[in-house]
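**Student:** Below: one structure in structure tokens.
The values are calculated or read from the model by the stated rules, or taken from the named source; none is laboratory data. Bear in mind the structure is a predicted one, so any value in this text is a computation, not a measurement. Neighbour counts run over all protein chains shown; Cβ positions are idealised from the backbone, glycine included. Just so you know, the surface numbers come from the protein's heavy atoms only, side chains and all, with ligands and any DNA or RNA stripped out. Shrake-Rupley method; radii C 1.70, N 1.55, O 1.52, S 1.80 Å.
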Amino acid sequence: MSDDTVVTSMFDRVGGATAIDRLVETFYERMDTLPEAQDIRAMHGTNLGPIKHVLKRYLTEWMGGPKLYSSERGHPRLRQRHLGFPIGNAARDAWLVCMQGALIETVEDEAAR
Ligand code: HEM
């Protein structure tokens, strides 16, 4: 890589903290309202505030932004953290319906999506 190469993180490319905020709010809004997401919504607590906070921090770090997740929660260990929930193909598909719609609504850059 030459010295003048500028590396832009995915975090910056999609619009930084403001974009992650909108993405995660829209994701859980969809989970909260779409009939096909009812079962996965029920796996979460009544108050979605705490998990919104965690997913925002996780995605920020995963996309190359500040390390907000691991400084608060350590290694993600996402497989282990999900083991206690009954996640089959239908749950997986419902999660993706929420995330795909949220990405379309909040991230303009199609290639980045
Ligand atoms: C396959 C479908 C999925 C379902 C049904 C699901 C469901 C859940 C549930 C029920 C929780 C616990 C919420 C709580 O503590 O109140 C959780 C936590 C979490 N999920 Fe998922 N999830 C899925 C996929 C994913 C994917 C693909 C990612 C990453 C992009 C992800 C990231 C997270 C994170 C970061 C947490 C919080 C972990 C922590 O406690 O530090 N999930 N998920």
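**Student:** Would you call E61 in contact with a Leu (Cβ under 8 Å, 6 or more places away or on another chain) and at pLDDT 95 or above?
**Tutor:** Criteria met by E61.
**Student:** Additional query: For the range 71-87, state whether one or more residues are surrounded by 15 or more Cβ atoms within 10 Å (Cβ to Cβ) and either more than 13 Å from the chain's Cα centre (by Cα) or without any contact (Cβ under 8 Å) to a residue 24 or more places away in the chain (or both).
**Tutor:** yes
**Student:** Does E25 count as assigned to a helix (DSSP H, G or I), within 10 Å of the ligand (Cβ to nearest atom) and out of contact with any Asp or Glu (no Cβ under 9 Å at 6 or more places or on another chain)? Steps first, answer last, please.
**Tutor:** Values: assigned to a helix (DSSP H, G or I): yes; within 10 Å of the ligand (Cβ to nearest atom): no; out of contact with any Asp or Glu (no Cβ under 9 Å at 6 or more places or on another chain): yes.
No: the conditions fail for E25.
**Student:** Moving on to the next point. When you look at P50, is it out of contact with any Leu (no Cβ under 9 Å at 6 or more places or on another chain), modelled with pLDDT of 95 or more and either surrounded by 16 or more Cβ atoms within 10 Å (Cβ to Cβ) or not in a helix (DSSP H, G or I) (or both), yes or no?
**Tutor:** no
**Student:** With (1) more than 8 Å from the ligand (Cβ to nearest atom); (2) open to solvent by 40 Å² or more (accessible area, probe 1.4 Å); (3) not aromatic (F, W, Y) as the list, and A37 as the residue in question, which single condition is left unmet?
**Tutor:** The failed condition is (2).
**Student:** How about the range 1-20: which of its residues are buried (at least 16 other Cβ atoms within 10 Å of the Cβ) and either touching a Lys or Arg at 6+ places or on another chain (Cβ under 7 Å) or part of a helix (DSSP H, G or I) (or both)?
**Tutor:** F11, V14, A19, I20 - these are the residues of the range 1-20 that are buried (at least 16 other Cβ atoms within 10 Å of the Cβ) and either touching a Lys or Arg at 6+ places or on another chain (Cβ under 7 Å) or part of a helix (DSSP H, G or I) (or both).
**Student:** Can you name the residue in the range 61-88 that is more than 9 Å from the ligand (Cβ to nearest atom) and in a helix (DSSP H, G or I) and, of all such residues, is farthest from A17 (Cα to Cα)?
**Tutor:** Q80
**Student:** Taking the condition within 10 Å of the ligand (Cβ to nearest atom) and more than 16 Å from the chain's Cα centre (by Cα), does A42 pass?
**Tutor:** Details: within 10 Å of the ligand (Cβ to nearest atom): yes; more than 16 Å from the chain's Cα centre (by Cα): yes.
Against the criterion (within 10 Å of the ligand (Cβ to nearest atom) and more than 16 Å from the chain's Cα centre (by Cα)), A42 qualifies.
**Student:** Do the conditions hold for R30, that is, is it touching a helix residue (DSSP H, G or I) at 6+ places or on another chain (Cβ under 6 Å) and assigned to a helix (DSSP H, G or I)? First the steps, then the outcome.
**Tutor:** Working: touching a helix residue (DSSP H, G or I) at 6+ places or on another chain (Cβ under 6 Å): yes; assigned to a helix (DSSP H, G or I): yes.
Yes.
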